[in-house]
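Encoded as structure tokens, the structure appears first; notes follow it.
The values are calculated or read from the model by the stated rules, or taken from the named source; none is laboratory data. Everything numeric here is computed off the predicted structure, so don't read it as measured data. Here the Cβ positions follow ideal geometry from the backbone for every residue, glycine too, while neighbour counts run over all protein chains shown. Only protein heavy atoms, including side chains, enter the accessible area calculation; ligands, DNA and RNA are left aside. Shrake-Rupley method; radii C 1.70, N 1.55, O 1.52, S 1.80 Å.
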Amino acid sequence: MRIYERRNEKGGFSCSYCWEQGHKINDCPTLKANYEQHVKGEAIDFSTHPMVLRYGWNTNLVRRQWEQNQVKAAKYYGTTPAAKAKKPRKKPTCGFCGSKSHTRRNCEAMSQFKYLYEQANLAYRKEFYDRIIVGLGFGAGALVEMWDYQGDHKVGIVEMLDPKTIGLGNLATYWGDYKTHLKWNAIIDGRKVPTPTYRSMFNWDIRQSETDLIGKAFSVANDGYSVGSIVSIVSPAPQVMSKEWFDGESEPIDYVMKKRTAQQLFSEFNHLIRRFYPHDDLDNKMISFKKTAGL
């Protein structure tokens, strides 16, 4: 899912004093060094300031910047900073369901949602495996007819298919945090063709006739095309991905539940769970989850 894929991205904040990325003014090494020179009575050497070295600022402009932030420097780096009033400790609140009687660590609603999601996700992946991997022969080594860079149909070979990217997230809102784009690559004329981006290959209703399935699955449309979109499978993969290996890969729902609330996840996945949940007790499970989560 997109939220999981971006988990290691750093925030794009910068310091208002030196304009450097990765820290804020209350943790600025330049401001701290300038303040220490000021306290010692030394003349501050503004020629080494990042705004002079990197952006070509005049030292007089940087001096003015220092004068405007001198009070902040004393607050952040002075020897006797103002004591902060202790705030009363807030009562623990569950970030998932909002209850004040527990936290996410022992949230029953999280356990219930995880079960519903994982059962539906497994059912989706089973149907995907049966109809796309086995039924259509899609996988590494398959020969496929695709759109190329010149807008022509050419035969290419599928180089890679990542089973970790197959899950309910394939059908999530396109630009949302929960979208999972199926990752695969193909080679045409010795050149790697990227996975289609603006038209998702599997953004379709999987439960339809076999005749319509191929066209919907492989993004063919009368109103346009996308480089890398598959028109048809010319020859199936020479070796079908093993069911055990396929089932061993899954989407990171545990991580996502730690970052989003029950309401947010229910709003996105309610209809998908209802479509793919494979057991007869869905209504009772849903009623119990909604009650526990306060929805």
> Assuming Gly135 fulfils every condition listed in (1) touching a helix residue (DSSP H, G or I) at 6+ places or on another chain (Cβ under 7 Å); (2) modelled with pLDDT under 90; (3) open to solvent by 50 Å² or more (accessible area, probe 1.4 Å) apart from one, which condition is it?
Replying inline: (1)
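Conditions (1) open to solvent by less than 60 Å² (accessible area, probe 1.4 Å); (2) modelled with pLDDT under 90; (3) of a type in the set (Val, Ile, Thr), marked per residue:
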site: Tyr77; (1), (2), (3): yes, yes, no
site: Thr80; (1), (2), (3): no, yes, yes
site: Lys87; (1), (2), (3): no, yes, no
site: Cys97; (1), (2), (3): yes, no, no
site: Lys100; (1), (2), (3): no, no, no
site: Arg104; (1), (2), (3): no, no, no
site: Cys107; (1), (2), (3): yes, no, no
site: Phe113; (1), (2), (3): yes, no, no
> Regarding Glu108, is this residue over 20 Å from the mean Cα position of the chain (by Cα) and closer than 23 Å to Gln264 by Cβ?
Replying inline: yes
> When you scan segment 28-40, how many residues do you find that are within 13 Å of Cys15 (Cα to Cα) and touching a residue at least 12 places away in the same chain (Cβ under 8 Å)?
Replying inline: 4
> Out of segment 1-39, which residues are open to solvent by less than 40 Å² (accessible area, probe 1.4 Å), at pLDDT 80 or above and assigned to a loop (DSSP other than H, G, I, E, B)?
Replying inline: Cys15, Tyr17, Cys18, His23, Cys28
> Is there any pair linking a residue in segment 41-59 that is assigned to a helix (DSSP H, G or I) to one that is aliphatic (A, V, I, L, M), with Cβ under 7 Å and at least six apart or on different chains, and which?
Replying inline: Phe46/Val52; Phe46/Val62; Met51/Val62; Val52/Val62; Thr59/Val52
